[in-house]
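All remarks here apply to the structure that follows.
What follows is calculated from the coordinates using simple rules that are stated; it is not laboratory data. Fair warning: this is a prediction, and the values are worked out from it, not measured in the lab. Positions of Cβ are generated from backbone atoms using ideal geometry, with glycine treated the same way; all protein chains shown enter the neighbour counts.
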Amino acid sequence: MSAISLDNVDISYGDTKVTFGASFDVAAGESFGLVGESGSGKSTILRAIAGLGTTWTGAISVLGKPRRQGIDKTFARQCQMVFQDPYGSLHPRKTIDATLGEPLQVHGIGNRGNRIEAMLEAVGLDRRFRFRYPHQLSGGQRQRVAIARALMLEPKVLLLDEPTSALDVSVQAEILNLLKRLRQEQNLTFLMVTHNLPVVSFLCDRLAVMRHGRIIEVADVGLLKSGKLVDPYSRELYQASGGKSS
Amino acid sequence: MAATREWLLADSPTSRLQARMGRAYRIVTALLRNPLATLGLVIILVLVATALFAPLIAPYSPIGQELANRLQPPSWQHWMGTDELGRDIYSRVIYGSRITLTIVLLVAVISAPIGLVVGAVSGYFGGWIDKVMMGITDVFLSMPKLILALAFVAALGPGIENAIIAIAITAWPAYARIARAETLTFRNSEFIAAVQMQGASSARVIVAHILPLCTSSMIIRVTLDMAGIILTAAGLGFIGLGAQPPLPEWGAMISRGRTFILDQWWVATMPGFAIIIVSLGFCFLGDGLRDVLDPRQGENS
Amino acid sequence: MSAPLLEIENLRVSFPTQQGRVEVVKGISFTLGRERLGIVGESGSGKSMTGRSILRLIRAPGRVTADRLRFSGIDLLAQSERQMRAIRGARISMVMQDPKFSLNPVMTIGAQIAEALVAHTRLPRREIAQRSRDMLQAVRIDDPDRVMRLYPHEISGGMGQRVMIAMMLVPEPDILIADEPTSALDVSVQAQVLDIMDELVRNKGMGLILISHDLDLVARYCDRILVMNSGKVVEECVASQLSEARHPYTRGLLAAMPHMDETRETLPVLDRSQWEAT
């Protein structure tokens, strides 16, 4: 059973169609990269899977269950999302403790204090950050909180929307390491949207390249690493990203 | 003292309470650094104290008439003089502060929450809910506030309770507009999406996440509006549609003093001073609060 | 190489904060000839402030001091605002990050390019229009007359940035400062824009200061590289020898970036204690 499955998905914003017939599968425990430039529709697909306010036709299923509009509590415990902007993904007026405790409150899970502390440790944040406000944390620290929040409900599938694009190179390395480690420890499935090919090389097993709303190639990451992507647009992207032509 | 301060300003609070109090402390100290805001705060506190301790402060009864003593100028026995029925104006002004405070607080407590909820719900859901609610709001907003208040009081009958209801009805639409505008600025932000992803109900998102972000601008706007509310109440009282005699409402006092304004200026002017000072107090405080709570600057505190 | 275009010695930029005056650029020195110089650093390194201080674009309460800040023999610190205006655009130009924010949304493209010439030359209108057209063609916009009538919101990001370059180069300055010129652009467009900028700079024999957070990009398009961290220059090297950089920060940055043919299990993380002063 694949963790995420898309079949002929068309997503529209109002009258404009943004993706055309998108289809791909992500196996359980796999890390899948969705690559493309701005306007390619990659983030839109992520939001459609998450159920965040887009209208779509076709079939989307997560962990075997078909997706519909909206987010119910069962889905929330299976699939969560890490957003791009560390400055916008945390509520400015809530302490880290409140932000991490919220999902537990919504689902009536007890033992909050201990769970929060355990999660802070898991993402490499010291306990002293627990009652701080977001503006007292750096970009990298905020992103760790965002990852912690996504994992509070112990989902099996994690959707990542450009999780390191807004971070400095040195901080990016730390967050990428963290993501890799957490995935191995908890056997998570990743679907990561990014425009940065080297990040895909580091973190993903397979990737799909999107352009103008269509998936033009699905490949194993080995092809990316060796510069042997098939589609001419993929190769263009590869070279523009600094890949050495083979 | 120093230990408490350190606890409040601690870099890494160890409890929710400490974090919240620390934040409140930073806001209050920032406010007190502004001299005008502090002045405003002092004026308001004096108003509240006067209202609370009126029976202890006022030298005379506010309604006790002494016709032999009518229209006396300010003197050592009557600091603000006496009015046309021999009542001590100073005592009336003091007791009048209760009425003013009651009106202002009740109007704020009634209209601000209504406006806040209407605006936040409207902004969050969008679509036809937004259109309907904002349509209703616009209907109210399109009419001049004093005229609308007049119409309601005329329909409901004169009296202080009806005056309060009438003013509250004219005040909430502006708050709804503000709350909606605030909500729209962050409605699509990622932290809201994150809460939605947790399966939170719309009610939870609005109450726990959206309303807290609207409160700053709401507090500022309400404080600044209080001056206007006082003036509207005074206006209604002036026309005789607010508090009824013998209640010492400041607007009504000015109205009755109109006839003597040239020779016995103190009858109308003393309550007028009181209105001006209190209005200014609210304005200064509101401005100070805006400087301190404005999200653009507040995030850096 | 001829006399340097730009000589900077002990440049310091400071801003007042709640905790007292803070220096964001802590005494850096370098020269620029008719070459391409890259200034690389992460956020907070002071690289953008350096670029802006050259053009005296930092206003009070920020303070800029230097032992030397000379452009072609002119002491920039001693220039009045009026004299600086004559230098900005005409002799030193700056291309900024996001054309969405740096192009005037209510003026047509043609008007904005012409403005650069009108401000600094006394050419007749026909001549200005011709120069604008030529410049747009130089940045590989094939239909200059049509584009000149468009407004900024009607063109793409990549085209907007090319227009920006055209605008900044049409008065034929001696130095171009480019502050993260391609960070807001898609990867495929980045190379195109940088190629154009590179070609123009070399053809006109200008000096280029390319400010970026992207080490690879700077290594590809510059002759020399300065690496900045926390307001100081920690490394200066020839671009082609970047892989032989010696400072632990530069080496750390190079190692921390994922490669296209990545095989490592974890990425090495910067150990800041290695160079940070107390």
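Anisotropy class assigned to segment A:23-74 is oblate, per the alpha carbon gyration tensor with a/c at or over the 1.5 cut-off and a/b no larger than b/c.
Take each residue of peptide A:79-87, count the partner chain Cβ atoms within 10 Å of its Cβ, and average: the result is 3. Is segment A:100-246 rounded, prolate or oblate when judged by the Cα gyration tensor, a ≥ b ≥ c being the square roots of its eigenvalues, rounded requiring a/c under 1.5 and prolate requiring a/b larger than b/c? The shape class here is prolate. Between helix C:109-120 and chain C, what is the angle of the helix's C-alpha long axis to the longest principal axis, kept within 0 to 90° and rounded to the nearest 10? With rounding to tens, the tilt is 80 degrees. Note on chain C: with a GNM built from Cα contacts shorter than 10 Å, the maximum mean-square fluctuation among C:LEU136, C:LEU69, C:LEU123 falls on C:LEU123.
Taking the charge dipole of chain A about its Cα centre, with +1 at Lys and Arg Cβ atoms and -1 at Asp and Glu Cβ atoms, the residue from A:ILE4, A:ALA50, A:CYS204 reaching farthest to the positive side is A:ALA50. Mind giving me the FRET efficiency for C:SER243 and C:ASP67? R0 is 35 Å, r the Cβ-Cβ distance, nearest 0.05 is fine. Efficiency, from the Cβ-Cβ distance: 0.60.
Using a Förster distance of 35 Å, how high is the FRET efficiency between C:ASP143 and A:ALA59, based on the Cβ-Cβ distance and rounded to 0.05? E between C:ASP143 and A:ALA59, to the nearest 0.05, is 0.20. Peptide B:8-20 shows a mean partner chain C-beta count of 4 within 10 Å per residue C-beta.
Backbone phi angles across segment C:10-17, fed through the Karplus curve with coefficients 6.51, -1.76 and 1.60 (θ = phi - 60°), yield HN-Hα couplings of 6, 6, 10, 10, 9, 10, x, 9 Hz in residue order; Gly and Pro are listed as x.
For chain B, modelled as a GNM whose springs connect Cα atoms under 10 angstrom apart, the maximal fluctuation among B:GLY115, B:GLY235, B:GLY86 occurs at B:GLY86.
For the listed residue pairs A:LYS42/C:LYS26; A:LYS42/C:LYS232; A:LYS156/B:LYS131; A:LYS17/A:LYS180; A:LYS42/A:LYS180; A:LYS73/A:LYS180, the alpha carbons are over 32 angstrom apart in A:LYS42/C:LYS26; A:LYS42/C:LYS232; A:LYS156/B:LYS131; A:LYS17/A:LYS180.
Entry note, segment A:163-234: relative contact order of 18 percent, from Cα contacts under 8 Å with a spacing of 6+ residues. Projected onto their three principal axes, the Cα atoms of chain A cover extents of 52, 39, 33 Å, largest first. Potential lengthening of the chain between C:VAL22 and C:ASP261 amounts to 81.9 nm, from the contour at 0.36 nm per residue minus the alpha-carbon distance. Running a GNM on chain C with Cα contacts under 10 Å, which residue among C:GLU244, C:GLU265, C:GLU199 ends up with the highest mean-square fluctuation? Greatest mean-square fluctuation among the candidates belongs to C:GLU265. Close amide H partners of C:MET94, meaning residues 5 or more places away or on another chain with modelled amide H under 5 Å apart, are C:GLY89, C:ILE177. Segment A:166-182 and segment B:88-143 have Cα centres separated by 49 Å. Partner shielding of B:203-216 amounts to 2, given as the average count of beta-carbon atoms from other chains within 10 Å of each residue beta-carbon.
Taking the fewest neighbouring Cβ atoms within 10 Å as the starting point, the ordered list for C:ARG162, C:ARG88 is C:ARG88, C:ARG162.
In terms of surrounding Cβ atoms within a 10 Å radius of their Cβ, B:TRP79, B:TRP172, B:TRP250 rank from fewest to most as B:TRP79, B:TRP172, B:TRP250.
Pull out a ≥ b ≥ c, the square roots of the eigenvalues of the alpha-carbon gyration tensor of chain B, then state rounded if a/c is under 1.5, prolate if not and a/b is larger than b/c, and oblate in the remaining case. The shape class here is oblate.
Loop-located GluC sites (Glu not before Pro) across segment A:157-246 with a Cβ neighbour count of 16 or fewer within 10 Å are lacking, with loop assigned by DSSP. Length, then width, then depth: along the principal axes, the Cα atoms of chain C run 60, 48, 43 Å. In this calculation the C-beta distance from B:VAL207 to A:HIS135 is compared with R0 = 22 Å, giving a FRET efficiency of 0.45. Counting beta carbons within 10 Å around each of A:HIS135, A:HIS195 and listing the fewest first gives the order A:HIS135, A:HIS195. Computed over Cα pairs, the Kirkwood radius of the protein assembly as shown leads via Stokes-Einstein (0.692 mPa s, 37 °C) to a diffusion coefficient of 105 µm² per second. Placing pseudo-labels 7 Å out from each Cα toward the beta carbon at C:ASP134 and B:GLN18 gives an inter-label distance of 7.0 nm.
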